Amino acid sequence: EPEVTQTPSHQVTQMGQEVILRCVPISNHLYFYWYRQILGQKVEFLVSFYNNEISEKSEIFDDQFSVERPDGSNFTLKIRSTKLEDSAMYFCASREDFGANVLTFGAGSRLTVL
Amino acid sequence: AQSVTQLGSHVSVSEGALVLLRCNYSSSVPPYLFWYVQYPNQGLQLLLKYTSAATLVKGINGFEAEFKKSETSFHLTKPSAHMSDAAEYFCAVSVGTGANNLFFGTGTRLTVIP
């Protein structure tokens with residue numbers, strides 16, 4: 001069964017450091033997403049990406065965040081200068097071009113900011 | 001705006017007992033509704049989806065959910081709980097085939113007591 005893979009599974013970083021979370025979506029999928037889940041809270045939409053550009057982003061996705069798909073395979077989320085409140089589980093997801101919005105999620109990357 | 005509310009952050013059932021996880025949605029247009037399950041240290045896995053076809057939807061692992069427009073509900077049920085059902089369950093809503101993202105509930109942690 002095709003799956004979305006994410007690395008690293010867990011990263012610990014110091015406040016103010018840059019972090020890059022990586023995702024390999026399912027190969028024939030065209031829409032890519034990042035969500036996050038702060039411990040004990042709901043899963044929140046961050047950003048969606050299609051045709052090499054951001055198609056939608058939430059209020060959470062401020063100037064500290066960026067996404068790119070540098071090589072047609074990896075889909076990355078960069079946090080430029082991490083804050084304590086960025087500590088969360090970050091989920092990557094992808095979906096095909098058609099169908100009722102069924103997103104396939106990765107296992108997540110847990111980010112801990114100290 | 002669309003949203004979902006999951007009643008009960010924790011539900012405990014005995015092995016073999018009925019599982020009922022509640023989800024109510026809010027949407028100004030006909031929604032697509034989803035249940036996702038998250039096993040420990042794993043990603044979000046799609047259990048089932050409602051996409052305006054049959055109101056009773058059957059999913060994987062013996063789960064099913066019924067869309068009730070009059071009650072704005074999409075509760076998840078399973079006749080007989082198994083130990084392997086212990087996980088976090090998330091209800092989510094999306095609007096329209098072109099809608100770009102999912103809105104998640106806060107999740108319900110299911111514990112199965114032997």
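Any read-out appearing in this document is the output of simple, stated calculations on the displayed coordinates, not a laboratory observation. The shown structure was predicted, so the numbers you read here are calculated from the model rather than taken from an experiment. We place every Cβ from the backbone using ideal geometry, glycine too, and count neighbours over all the protein chains shown.
How large is ³J(HN,Hα) for each residue in the range A:22-30, as worked out from phi by the Karplus curve 6.51 cos²θ - 1.76 cosθ + 1.60 (θ = phi - 60°), to whole Hz, x for Gly and Pro?
Those phi angles translate into 10, 9, 10, x, 5, 4, 9, 7, 10 Hz.
Tell me the Rg and the Dmax, in Å, that the Cα atoms of the range B:45-99 produce.
Calculated on Cα positions, Rg and Dmax stand at 12.1, 38 Å.
Which semi-axes, in whole Å and largest first, does the equivalent ellipsoid of the protein assembly as shown have when worked out from the alpha carbon gyration tensor as the square roots of 5 times its eigenvalues?
Equivalent-ellipsoid dimensions as semi-axes: 30, 21, 16 Å.
Between residue B:19 and residues 5 or more places away or on another chain, which pairs have amide H atoms under 5 Å apart, with H built 1.01 Å from N, and which residues are they?
Amide H to amide H, under 5 Å and 5 or more residues apart or across chains, residue B:19 pairs with B:78, B:80, B:81.
Between residue A:74 and residue B:55, what is the label-to-label distance in nm when each label sits 7 Å out along the Cα-to-Cβ direction?
5.0 nm
For a distance above 21 Å, tell me the whole-number percent of Cα pairs in chain B that qualify.
31 percent
I need to check one value: relative contact order of chain B, counting alpha carbon pairs closer than 8 Å and at least 6 residues apart, in percent.
Result for chain B is 38 percent.
Charges only on Cβ, +1 for Lys and Arg, -1 for Asp and Glu: so what's the dipole of the protein assembly as shown about the Cα centre, in debye to the nearest 20?
In total the dipole reaches around 360 debye.
Mind grabbing the base-10 log of I(q)/I(0) for the range A:33-113 at q = 0.23, 0.27 Å⁻¹? Debye formula, identical points on the C-alpha positions, no solvent, two decimal places.
-1.26, -1.63
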